[in-house]
Every structure is written in structure tokens, then in C-alpha cells.
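What follows is a short report on a single structure.
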Amino acid sequence: MKILIVDDAMAARMMLKNCIPAEDNHEIEEASDGSQGLEKFKSFKPDLTFLDLTMPVMDGFETLEKIKQLDPAAIVVVLTADIQKKSIEKVEALGAYTVLKKLPTAEVIQKTINEVREKTGK
Amino acid sequence: MNNEDTAGILSELELEILQEIMNIGFGRAAADLAEVIDIFISLSAPKITVIEAVNLIRYVNTEISELQTCSIVEQPYLGEAKGVAFLIFPHGAEKEFLSYFQDKDIDSLESDILIDLEKEVLMEVGNILIGACIGKIFELLDGLITFQPPRVIIGEKFTDHYIKGSFSEDDSVITMKTSFSFEDRDVHGYLFLVNRGESGVTLKKALNEFWEKQNAT
């Protein structure tokens with residue numbers, strides 16, 4: 001499966017990658033802001049995107065909106081420290097597949113990946 | 001990332017980890033406040049800077065315009081790390097905060113009572129944001145800290161009151177800064193955590209232990 005990680009924090013990207021089982025051989029790409037994330041989304045065409053909200057250049061809200069405009073069926077999991085109720089409602093309205101709070105556990109990430117695999121058949 | 005350590009206390013990775021931890025801490029803080037006063041708070045990516053104490057005022061003045069007139073909620077914390085949290089708002093923010101708690105009796109209050117009330121509200125907002133943020137940071141780092149009561153100071157007293165009295169020329173400080181704004185009001189602010197350089201050793205150890213734990217999953 002192709003997985004795109006969009007987060008401005010290198011530490012966050014590393015921690016998330018560490019939660020993804022290496023033996024599953026997923027193809028993983030990264031982006032460090034929303035604008036880069038959007039470009040990578042277009043070129044890499046991921047099956048699953050993990051997206052942070054609080055990012056410079058283009059935040060996660062705008063990135064999610066633009067991704068969904070490009071591909072309404074895109075599966076985007078928002079992984080964020082911004083756990084305000086209104087933020088969660090906003091991204092759900094924008095079409096996020098689900099919202100996970102930082103720090104996620106490996107179990108939660110693996111469960112999410114498995115759900116997406118079942119959904120997409122990848 | 002734009003984190004920086006000119007004093008050589010934290011490595012690049014440690015700075016990155018601390019930045020993400022601050023991100024999580026302030027995310028929690030914003031959620032707590034948003035629940036109390038039913039607003040949406042727009043957040044930004046935090047910035048970690050380690051500098052010599054002698055450069056702190058110049059640094060803060062660069063990061064925050066019109067510091068002299070700002071209202072600042074100051075709250076020291078002690079324990080495995082020692083520092084002071086400063087929640088900085090432009091002048092006038094306290095009136096905006098009070099409007100969130102508006103009731104029919106407020107307009108009839110005398111001005112000196114109103115000023116006290118504005119200060120109280122500012123302190124309470126500070127207490128919520130600072131407490132939740134620092135609490136979460138040190139929870140993630142398995143550290144125990146305690147807080148001293150918050151108080152409100154004006155920006156021009158920041159230099160005299162805190163900086164001149166608290167640091168020697170040899171000290172380094174670790175600053176963690178995040179900015180935020182309230183969606184339906186013209187209110188924005190900054191949270192600065194200033195840790196004495198001696199906390200750097202404790203922080204380094206805690207950050208590395210945190211990292212090892214995360215990578216052990």
C-alpha cells in the first residue's frame with residue numbers, strides 16, 4: 001500500500017513511521033508542509049494519507065480540502081495534536097476518514113492501516 | 001524546521017522532539033480552553049530556541065512586537081525542570097476575554113472593579129492554557145512539576161521584574177514559543193516557556209528516554 005505522511009515535525013513523521021510494520025513493505029513518502037503534501041499527493045497517488053493540521057505554508061484544513069477536491073475518494077487520516085472539538089468537526093465535515101489524536105500507539109495505526117486495506121483491497 | 005540552539009544544549013533531534021511535545025501540549029491546552037469558553041483557537045507550529053540569557057530580551061522583542069504594552073500572565077513551575085511560563089497578549093485582550101463571560105451585571109460595575117475582573121479572567125485563561133500545556137509536556141516526559149500561582153504583569157516590567165533578576169550572564173535559556181489566535185475575536189497571543197539552562201540536562205535525559213520509548217513500539 002502507498003502511504004503519504006504529511007507533518008511539519010520530523011520527529012512526528014519518524015514516530016509514525018515507527019508504528020507502521022516494516023514487514024508489510026508499504027511504500028512511504030513524506031511531506032513537511034501542506035503545500036508539499038498536496039504536490040506529493042498528486043505525484044505519488046497514495047492509498048492512505050496521514051495528515052497533521054498545524055503546519056506552516058498550508059495548514060492541514062486547507063490541505064485536506066484541496067486533496068478532497070482532487071480526489072473525493074481519497075482516504076485521509078488526520079493525525080493531530082489539535083484536539084479541539086471544533087477542529088475535529090471541521091475535518092470530519094471536510095471528509096477526513098478518521099481523526100486520531102497524537103501520540104498514536106502502534107496498535108491504533110496498524111488497526112487503521114488494516115481497515116484501509118480491507119476497504120481498498122490493497 | 002526553524003528551531004535553534006546557539007548555546008549547544010540540545011541536539012537537532014532533541015529540539016525536534018521537544019517541538020512536537022510542545023505541539024501536543026498546546027493542542028491539549030487549546031482544547032481545554034475551547035471547551036470552557038466555546039471558541040475555536042487557530043494554532044501554529046511551535047518554535048524551540050536555546051540562547052544565552054543575555055540575549056533573551058532582544059530575542060523576545062524580535063518575536064513579539066510592542067512587548068512593553070502587552071499583558072503577560074506569568075507562572076513559574078518547579079520540579080524536575082525549573083522555569084517560567086509567560087502567556088503574552090497584546091494590550092486590550094483582557095477586555096475581549098471578559099466578553100466571553102459577559103452577563104448583564106458586568107456593565108454596571110465600576111471601572112476599578114472591572115479592571116480587577118479583567119485581570120482575573122486573564123489569569124484564569126493563563127492558568128488553563130499554561131497548566132494544560134506544561135502539564136501535558138511533562139506528562140509525556142514522565143516528569144513531575146508543580147506550579148506557583150499565576151500573576152499578571154505588564155510588558156515593560158518583564159525586563160526589570162524577571163530577566164534582570166533571574167539570570168546571570170552565564171545562563172542559557174530554553175524557550176518554547178507558540179502563537180495562537182481566537183477565531184471570532186481579534187485576540188492573538190503567545191506562550192513562552194523559559195527554562196533555565198540547568199534544566200537542559202534533565203530535559204535531554206527525559207527527551208531521550210521518551211524517544212527510546214517511542215521507538216521501542
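Here are the numbers:
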| quantity | calculated |
| --- | --- |
| In region B:26-74, the residues that are touching a His at 6+ places or on another chain (Cβ under 8 Å) and either at the interface with chain A (Cβ under 8 Å from one of its Cβ atoms) or of a type in the set (S, T, N, Q) (or both) | B:69, B:71 |
| Options A:12, A:81; residue that is at the interface with chain B (Cβ under 10 Å from one of its Cβ atoms), closer than 18 Å to residue B:43 by Cβ and in contact (Cβ under 8 Å) with a residue 60 or more places away in the chain | A:12 |
| Per-region count, region A:62-90, residues of a type in the set (S, T, N, Q) and within 12 Å of the chain's Cα centre (by Cα) | 2 |
| Test set (1) outside any helix (DSSP H, G or I); (2) at pLDDT 80 or above - residue B:102 fails condition number | (2) |
| Residue under evaluation residue A:52, criteria (1) in contact with a strand residue (DSSP E or B) (Cβ under 7 Å, 6 or more places away or on another chain); (2) of a type in the set (Asp, Glu); (3) away from every other protein chain (no Cβ under 13 Å), criterion not met | (3) |
| Flag if residue A:40 is in contact (Cβ under 8 Å) with a residue 24 or more places away in the chain, touching a strand residue (DSSP E or B) at 6+ places or on another chain (Cβ under 9 Å) and surrounded by fewer than 21 Cβ atoms within 10 Å (Cβ to Cβ) | yes |
| Among the candidates B:66, B:80, residue that is surrounded by fewer than 18 Cβ atoms within 10 Å (Cβ to Cβ), within 17 Å of residue B:158 (Cβ to Cβ) and in contact with a Gly (Cβ under 9 Å, 6 or more places away or on another chain) | B:66 |
| Candidates A:100, A:38, A:64 - the one that is at pLDDT 95 or above and either in contact with an Asp or Glu (Cβ under 8 Å, 6 or more places away or on another chain) or not in a helix (DSSP H, G or I) (or both) | A:100 |
| Checking residue A:77 against (1) within 17 Å of residue B:19 (Cβ to Cβ); (2) not in a loop (DSSP other than H, G, I, E, B), the condition it does not meet | (1) |
| Residue match in region A:57-78 (condition: closer than 17 Å to residue A:14 by Cα and within 14 Å of chain B (Cβ to nearest Cβ)) | yes |
| Pairs with Cβ under 9 Å, 6+ apart, first in region A:95-122 and within 14 Å of residue A:50 (Cα to Cα) and surrounded by 17 or more Cβ atoms within 10 Å (Cβ to Cβ), second at pLDDT below 95 and among the polar types (S, T, N, Q) | A:99/A:80; A:99/A:87; A:100/A:80; A:101/A:80; A:102/A:80; A:102/B:23; A:103/B:214 |
| Condition check for residue A:91: part of a strand (DSSP E or B) and within 14 Å of chain B (Cβ to nearest Cβ) | no |
| Selection within region B:26-54 - more than 15 Å from the chain's Cα centre (by Cα), assigned to a strand (DSSP E or B) and of a type in the set (D, E, K, R) | B:52 |
| Top-ranked residue of region B:13-25 - restricted to ones that are facing chain A (nearest Cβ under 8 Å) and of a type in the set (Val, Ile, Thr), ranked as farthest from the chain's Cα centre (by Cα) | B:17 |
| Odd one out for residue A:29 among (1) part of a helix (DSSP H, G or I); (2) modelled with pLDDT of 95 or more | (1) |
| Given (1) under 15 Å from the mean Cα position of the chain (by Cα); (2) within 14 Å of chain A (Cβ to nearest Cβ); (3) not aliphatic (A, V, I, L, M), index of the condition residue B:77 fails | (2) |
| Some residue of region B:159-179 being closer than 27 Å to residue B:55 by Cα, aromatic (Phe, Trp, Tyr) and modelled with pLDDT of 85 or more | no |
| Selection count where residues are of a type in the set (Val, Ile, Thr) and under 20 Å from residue A:117 (Cβ atoms), scope region A:26-66 | 2 |
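Conditions (1) modelled with pLDDT under 90; (2) crowded, with 16+ Cβ neighbours inside 10 Å; (3) in contact with a helix residue (DSSP H, G or I) (Cβ under 7 Å, 6 or more places away or on another chain); (4) closer than 27 Å to residue B:209 by Cα, marked per residue:
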site	(1), (2), (3), (4)
B:8	yes, no, no, yes
B:18	no, yes, yes, yes
B:29	no, yes, yes, yes
B:36	yes, no, yes, no
B:50	yes, yes, no, yes
B:90	yes, yes, no, no
B:112	yes, no, no, no
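The values are calculated or read from the model by the stated rules, or taken from the named source; none is laboratory data. What you see is a predicted model; the values in this text were computed from it and never measured. Neighbour counts are summed over all protein chains in view; Cβ atoms, including those assigned to glycine, are modelled from backbone coordinates with ideal geometry.
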